[in-house]
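The values are calculated or read from the model by the stated rules, or taken from the named source; none is laboratory data. Remember, predicted model here, so these are calculated numbers, not experimental data. Quick reminder, even Gly has a Cβ in these numbers, built from the backbone with ideal geometry, and neighbours come from all protein chains shown.
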Amino acid sequence: MPSHMMKPHRHAGYAINLLLEGGIEYFADFKKHTVVAPAVMFLSPDQVYQNIGGNMYKKVVISFNKDFLMHDVLGVVSCWEYMFSQEVIPVRDEATLGELKTYVHLMQQEFNSAKPQKNLVLRNLLNAFIICAARLMTCSSKIVQMDSSQNKIVRQFKTLTEEHYLHSTQVAQYADMLYVTPGHLNDLIKSVTGKTAKQIINEKRIIEAKRLLFWGEHSVKQIAGHLNFEDDGYFNRFFKKHTGQTPAFFQKNNREKYN
């Protein structure tokens, strides 16, 4: 295990880990996972990752940002979201494992080459790998194909919330950025994700608060300020409303549980 992987760190983009041999124990945010090969592990941008166990293992890490993907994969929006919400998926049949390893081998070959149109080939191979991994989750019921304009708005909304959630907390602010009405944005987001736009914004703020509470050495007051709450009292009420716990209780309870 590389020593730097044992320190908590964030991933700026997406990462898919294909565990081929051995076992590994790690944190993704404040959740502890124990995984035995073969398996596929997913990490989303800004998640805090830390290896804590498994001295000998073999895995391939594929790191990329969402812009690198082809639109035909991004168009399957619900399936994409479902995949990265699963975090760990066992690979239980040899045929699928063989297919995943083939795509990995081809990507490694192409990545190390200096051939023309290298990025285009890599994109297509990555798309094929992701579609193959998605089959493991039988997420066909989650797939919602949308027309190009809907697809664009949903993807742009998700990107904007990732960029601006600290300071833009109202649906109307994102609707203005996307040149649509708040009502239309809410309806579109809910039809695809099953959640309102406001729920997605709030969830982004809650997950960041949990990361800071679990991993950082910040006070509740400092976290409230970072997340742009008027005061720590408002932050306490917001956090308890959405989690059923106060920030201080969440911090103490989870640190005791995992440490």
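Under the condition of being among the small types (Gly, Ala, Ser) and touching a residue at least 24 places away in the same chain (Cβ under 8 Å), which residue from segment 193-250 is farthest from Lys32 (Cα to Cα)? Among them, the one singled out is Ala197. Scanning segment 31-49 for residues that are farther than 30 Å from Gln156 by Cβ and modelled with pLDDT under 85 yields a count of 0.
Please give the strands (runs of 3 or more DSSP E) falling wholly within segment 1-58 in which 1 or more residues are surrounded by fewer than 16 Cβ atoms within 10 Å (Cβ to Cβ) and without any contact (Cβ under 8 Å) to a residue 24 or more places away in the chain.
Filter on segment 1-58 gives 31-36.
Rundown of residues vs (1) at pLDDT below 90; (2) assigned to a helix (DSSP H, G or I), yes/no style:
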residue	(1), (2)
Glu217	yes, no
Phe235	no, yes
Lys241	no, yes
Arg255	yes, yes
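Scanning segment 193-208 finds one or more residues that are part of a loop (DSSP other than H, G, I, E, B), among the charged types (D, E, K, R) and not assigned by TED's automatic domain parsing to the domain that holds Met83. Is it fair to say Glu25 is modelled with pLDDT of 95 or more and not assigned by TED's automatic domain parsing to the domain that holds Glu163? So Glu25 fails the test.
One residue is enough: does segment 59-66 have a residue meeting the conditions in a loop (DSSP other than H, G, I, E, B), among the β-branched types (Val, Ile, Thr), modelled with pLDDT of 85 or more and farther than 26 Å from Val154 by Cβ? For segment 59-66, residues in a loop (DSSP other than H, G, I, E, B), among the β-branched types (Val, Ile, Thr), modelled with pLDDT of 85 or more and farther than 26 Å from Val154 by Cβ: absent. Residue count for segment 102-140 under the criterion of being assigned to a loop (DSSP other than H, G, I, E, B) and either touching a helix residue (DSSP H, G or I) at 6+ places or on another chain (Cβ under 7 Å) or closer than 16 Å to Ala15 by Cβ (or both): the result is 2.
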